[in-house]
Amino acid sequence: GQQVMQIPQYQHVQEGEDFTTYCNSSTTLSNIQWYKQRPGGHPVFLIQLVKSGEVKKQKRLTFQFGEAKKNSSLHITATQTTDVGTYFCAGRGAGGTSYGKLTFGQGTILTVHP
Amino acid sequence: GAVVSQHPSWVICKSGTSVKIECRSLDFQATTMFWYRQFPKQSLMLMATSNEGSKATYEQGVEKDKFLINHASLTLSTLTVTSAHPEDSSFYICSARDQRTNTIYFGEGSWLTVV
C-alpha cells in the first residue's frame, strides 16, 4: 500500500534557526496536505499543494511539492517559540489501490529553545 | 505499511440508510481513537473522541444519535452514520493513539457518498 515517510522524527532548534521537514511517498500523489498539531491539540490544516513543482509561502513557512509529485517539504525560516508542535504531511493517492486515500507521515516534532 | 486500518475506503449508500466505518489499530492497543470529518481543502474537524469501554466524547455541534461511535475493544472503533443524508457525504478519517508510546497514527480515510 501507499506509504509516506517523513523525516526527521524530531528536531530541536534554537530560536531564530531554520527548520525543514521532508515527506516522501511511495506512490504518486494527487495532492499533499500539511498540518500542525500543538501539544495536546489536534491537527490544524496549513495548506494543500496540488501542482507538480508547486511552491507556496505563508509568512515564514515555505511549502514545496516535488516535480514527480512524490515528495514535499516544509521549511520554516527563523523559528519562533510559537512554532513548536508536530508537523504532519498527508498525501492523497493519485491512482490504483491508493486512489483517494490520505496517508499521513509519522510527523516531525519540533521544539524551539528560546 | 499502515498501522491503522480504516474500512471501507469508499462507500455509497442510499439516503435514509445507515453505514458503518471501522477503524482498527493493527500493531498496537489504542484506548483512545479520534474521528474526524474533512471538507475539501479544509482542516480535519474533530467529531468525537472514542474511549475504549466507555462512551465517546462528542464535540459541540456533533449529533451523537446520528454519529454513533463504539469502541468495544482496544483495537477497534466504529463510526456509524445513521439515517444518512446527502449532506453527510464527506471524507471521514480516524486516528488512534498507541497507549504505549503515545504516538498517534492516522487511518487512510473513508469517502462516504449518500445518494
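General observations
- Within the range B:20-115, the trypsin sites (Lys or Arg not before Pro) that combine a DSSP coil assignment with at most 10 other C-beta atoms in a 10 angstrom radius are B:Arg100.
- Choice from A:Gly100, A:Gly41, A:Gly66 with maximal GNM fluctuation in chain A (Cα, 10 Å cutoff): A:Gly41
- Exposed loop sites were defined as trypsin sites (Lys or Arg not before Pro) in DSSP loop states (anything but H, G, I, E or B) carrying at most 16 other C-beta atoms within 10 Å; in chain A the longest segment without such a site runs A:61-114.
- Neighbour counts of other Cβ atoms within 10 Å put A:Asp83, A:Asp18 in the fewest-to-most order A:Asp18, A:Asp83.
- Hits among lysines - C-alpha to C-alpha of B:Lys55 under 19 Å, sequence gap 8 or more where chains match: B:Lys20, B:Lys64, B:Lys66
- Annotation: for a label point projected 7 angstrom from Cα along Cα→Cβ of A:Val50, residues of the range A:1-44 with backbone N closer than 20 Å are A:28-35.
Every number in this text was worked out from the coordinates using simple rules, so none of it is lab data. These numbers come from a predicted model, not from an experiment. Quick reminder, even Gly has a Cβ in these numbers, built from the backbone with ideal geometry, and neighbours come from all protein chains shown.
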